[in-house]
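> Before I ask anything, let me first share the structure, which is written out below as structure tokens.
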Ligand code: AGP
């Protein structure tokens, strides 16, 4: 049943709209009595708590999901987190120690670069944790322990529902690792309650479908699209841009808003469309100031903000605004990516490209 399109035109479209359900299955049976139960990690939690650092390793969308998880893993566990693109770790033969916990993120569990990085980390004696959607995959067999994301089969080459389920699986992992810390109990409770309401918030944000189609029609002839994010939503900017690039075949770059003045600002004019992610969190006022700086250079802006914040992000109505429902700040990336997935989908259809099988790409990259 999962491998039929049903009433949808494309698998990517179906998988985007399936997210309230896929997130529910990711969490099913795992949020218990105000805590988190992850059977695949239970035996190793003590070792992870004692590790020197967590190293996240993945490629493409899976790397971006890990980047989205980084801030809350640091916050809830107090363990430093470093990020590695699998191929780059291998190119550099970067240091991995036996005191490290190496977390491998892969939808398929068969990506060659990720598996080679796994062999490398195993050789170096790290504890290896797998976060994958594929039970029985090489990744799930070779890692010491892990979490299956249970998002259901993903057919579209562009990863959508696996991305949001990966973030939620890593949120549960962070909650489980940090569960011995009394000082973060209230924060953990707030995140658990945010997780519980996430599927219904996702259903709410999916109602933006027609609005995103309309936005896509205004962008079909653009040559390029920039996406600015920071903090929890730096990963959203990278992932949104990756979606547009890989399926709509439009040049697109995700950028750290804090780096804007260090180069990208030179690109800004009245023609280049720029999406700024400015939902409520600790970085909100910094994003307001980014918007002001872009507007003063006549930037063509689309601002994603929390519901009710349109006038706070764009006082004189000079930019287009996408309002999204608010959840716990660290889970907001799960909501914020969805309008960008919809945008990439509609841009692709309107530009006449193959949605589920973009040229030159494979669902699982099993060669180096
Ligand atoms: C996602 O839309 C891409 N097709 C691609 O970046 C993918 O995420 C990457 O190849 C990693 O795949 P994996 O999650 O199966 O390891």
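All of the numbers you see were taken from the coordinates with simple rules; none came from a lab. Everything numeric here is computed off the predicted structure, so don't read it as measured data. No Cβ is skipped: glycine too gets one built from the backbone with ideal geometry, and neighbour counts run over all protein chains shown.
> Grab the beta carbon distance between residue 261 and residue 197, set R0 = 22 Å, and tell me the FRET efficiency rounded to 0.05.
0.05
> As an exercise, find the ratio Rg/Rh for segment 111-211 from alpha-carbon atoms, using the Kirkwood inverse-distance average for Rh.
Using only Cα positions, Rg/Rh for segment 111-211 is 1.04.
> Next question, about the same structure. What is the gain in length, in nm to one decimal, between residue 99 and residue 4 on full extension, counting 0.36 nm per residue of separation less the C-alpha to C-alpha distance?
Additional length available on full extension: 29.7 nm.
> Only bridges with both residues in segment 1-127 count here: give the DSSP antiparallel percent, nearest 5.
15 percent
> For segment 233-368, what is Rg from Cα atoms divided by 2.2 N^0.38 Å, rounded to two decimals?
1.10
> Then there's this: How far is it, in nm, from the label point at residue 179 to the one at residue 312 when both lie 7 Å from their Cα along the line to the Cβ?
Going by the 7 Å Cα→Cβ label model, 3.4 nm.
> What does the extension gain come out to for residue 83 and residue 116, with contour length at 0.36 nm per residue minus their alpha carbon separation?
Using 0.36 nm per residue and subtracting the Cα-Cα distance, I get 10.3 nm.
> Over the chain, with a single point scatterer placed on each C-alpha, what log10 of the ratio I(q)/I(0) does the Debye formula yield at q = 0.07, 0.11, 0.13, 0.15 1/Å?
The Cα Debye sum returns log10 ratios of -0.28, -0.72, -1.02, -1.35.
> Could you list 33, 269, 100 in order of exposure, starting from the residue whose Cβ has the fewest other Cβ atoms within 10 Å?
33, 269, 100
> Taking other Cβ within 10 Å of each residue's Cβ, how do 337, 182 sort, fewest first?
The order, fewest Cβ neighbours first, is 182, 337.
> Now, a different point. Remind me, what semi-axes does segment 291-355 give for its equivalent ellipsoid, largest first in whole Å, using sqrt of 5 times each Cα gyration tensor eigenvalue?
24, 19, 9
> By count of other Cβ within 10 Å, fewest leading, how are 16, 335, 192 ordered?
Ranked by crowding around the Cβ, least crowded first: 192, 335, 16.
> Just to verify a number: FRET efficiency for residue 362 and residue 207, C-beta to C-beta distance, R0 = 30 Å, to 0.05?
It comes to 0.35.
> Okay, moving on. As a test, work out the antiparallel percent of DSSP beta bridges whose residues both lie in the chain, rounded to the nearest 5.
Here the antiparallel bridges make up roughly 5 percent for the chain.
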